[in-house]
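To start, the structure itself, in structure tokens.
The values are calculated or read from the model by the stated rules, or taken from the named source; none is laboratory data. Not measured: the values here are computed from a predicted model. Here the Cβ positions follow ideal geometry from the backbone for every residue, glycine too, while neighbour counts run over all protein chains shown.
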Amino acid sequence: MLIAPPGILRALPPASLGAVGIVALDSVLGAADFRGGERAFALLWAAAEATGPRGRVIAQTLHPQHYAIEAAQAQSRPAFYRQEIKLRAELGYPPFRRLCAVSVRGKSEGEARALVAECAHAVEGVPGLIVYPPALRAPGAVLARWQFVIKGPAELPRLLAGPLGPFLERRRRRAGVVEVEMDPI
């Protein structure tokens, strides 16, 4: 018997296990990340490879009809891709739109919150952008970290250069540090 994190599946030789049990697959499917279905499919696929044709993969889920699970059961990458790409197109996620994560670290939560609000306000109203509200990413950390995500077209870096430029010109500010990560996935 082996109890291990999911990453171990990729390190094992193919067909080296008789069975794999995945507890709480719904935590992967329901994560606040548009790649939840992709991650669940990858996990199930790795489990199937680790068990081989004679092995068993057992997954605990409340959503057995989810397209990622059904595609993994059918061992069909094309079936998964068809559904995933359709969903991403409808919701405007990569590869159809670009993402940008703006993170702010500050000595205090109040300073970081104020600076991230300034950054978010600077990009509001730029045509073609969807700006998601800032959220605290590291509660209780030594340096408070707030983050917000921007979704936009292919020219997203150009659209953000003007509004976010002043925040990036000075890497260290009294209120905190602003970091911009384009296409964070």
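Here Phe34 fulfils each of the conditions (1) buried (at least 17 other Cβ atoms within 10 Å of the Cβ); (2) modelled with pLDDT of 95 or more; (3) within 26 Å of Ile130 (Cβ to Cβ) apart from (2).
Test of understanding: among Ala50, Ala42, which residue is farther than 17 Å from Ile185 by Cα and not polar (S, T, N, Q)?
Details: Ala42 fails: farther than 17 Å from Ile185 by Cα.
When all the criteria are applied, what remains is Ala50.
Quick one: is Glu84 exposed (fewer than 14 other Cβ atoms within 10 Å of the Cβ), at pLDDT 95 or above, out of contact with any Leu (no Cβ under 7 Å at 6 or more places or on another chain) and within 25 Å of Val131 (Cα to Cα)? Walk me through it before giving the result.
Numbers: exposed (fewer than 14 other Cβ atoms within 10 Å of the Cβ): no; at pLDDT 95 or above: yes; out of contact with any Leu (no Cβ under 7 Å at 6 or more places or on another chain): yes; within 25 Å of Val131 (Cα to Cα): yes.
The answer is no for Glu84.
Filtering region 6-28 to residues that are farther than 13 Å from Glu49 by Cβ, assigned to a loop (DSSP other than H, G, I, E, B) and of a type in the set (A, V, I, L, M, F, W, C) leaves Val23, Ala24, Leu25. Is it the case that some residue within region 15-25 is at pLDDT 95 or above, under 30 Å from Lys151 (Cα atoms) and not β-branched (Val, Ile, Thr)? Checked region 15-25: at least one residue is at pLDDT 95 or above, under 30 Å from Lys151 (Cα atoms) and not β-branched (Val, Ile, Thr). Residues that are loosely packed, with under 15 Cβ neighbours inside 10 Å, touching an Asp or Glu at 6+ places or on another chain (Cβ under 8 Å) and within 30 Å of Ala46 (Cβ to Cβ) do not occur anywhere in region 99-122. Would you check if Pro78 is closer than 30 Å to Glu179 by Cβ and not charged (D, E, K, R)? It is false that Pro78 is closer than 30 Å to Glu179 by Cβ and not charged (D, E, K, R). Scanning region 126-153 for residues that are at pLDDT 90 or above, loosely packed, with under 15 Cβ neighbours inside 10 Å, more than 19 Å from Arg88 (Cβ to Cβ) and more than 19 Å from the chain's Cα centre (by Cα) returns a single hit, Pro127.
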